[in-house]
Amino acid sequence: MRSSEEYRNALRRMKKNVYIDGKLVERDDPLLRPSLNILSKTFDLAENPNFKDLIVTRSHLDGRPINRFTHINPPSPIW
């Protein structure tokens, strides 16, 4: 799984598509930093045995370990 720094670097490389008050902002805009700080912390805690079971899950796409807080759940089957 990636580190918090790798997560932040990946966000910086993404195209801008976040709007705040109708204005297109960078992914590291000061208004987003508190949320990014919390998400980044989960990457650091993923290696801690006290938190690993809570933070790490497996990708439904390829089975790799990934951060649960950035995981997109697959759609449920319609019966």
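The values are calculated or read from the model by the stated rules, or taken from the named source; none is laboratory data. None of the values given here were measured: they were computed from a predicted structure. Note that we place each Cβ from the backbone using ideal geometry, even for glycine, and neighbour counts take in every protein chain shown.
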> How many of the residues making up the range 1-29 are among the polar types (S, T, N, Q) and under 11 Å from the mean Cα position of the chain (by Cα)?
Replying inline: 2
> Across the range 30-46, what is the total count of residues that are free of Cβ contacts under 8 Å to residues at least 40 places away in the same chain, surrounded by 15 or more Cβ atoms within 10 Å (Cβ to Cβ) and either outside any loop (DSSP other than H, G, I, E, B) or under 11 Å from the mean Cα position of the chain (by Cα) (or both)?
Replying inline: 5
> Do we have Ile72 as β-branched (Val, Ile, Thr) and more than 15 Å from the chain's Cα centre (by Cα) here?
Replying inline: no
>> Quick check on this structure: which one of Arg27, Arg2 is surrounded by 14 or more Cβ atoms within 10 Å (Cβ to Cβ), part of a loop (DSSP other than H, G, I, E, B) and either modelled with pLDDT of 90 or more or touching a Phe, Trp or Tyr at 6+ places or on another chain (Cβ under 7 Å) (or both)?
In response: Arg2
>> Suppose we keep only residues that are small (Gly, Ala, Ser) and touching a strand residue (DSSP E or B) at 6+ places or on another chain (Cβ under 6 Å) within the range 43-79. Which one would you say is modelled with the lowest pLDDT?
In response: Ser59
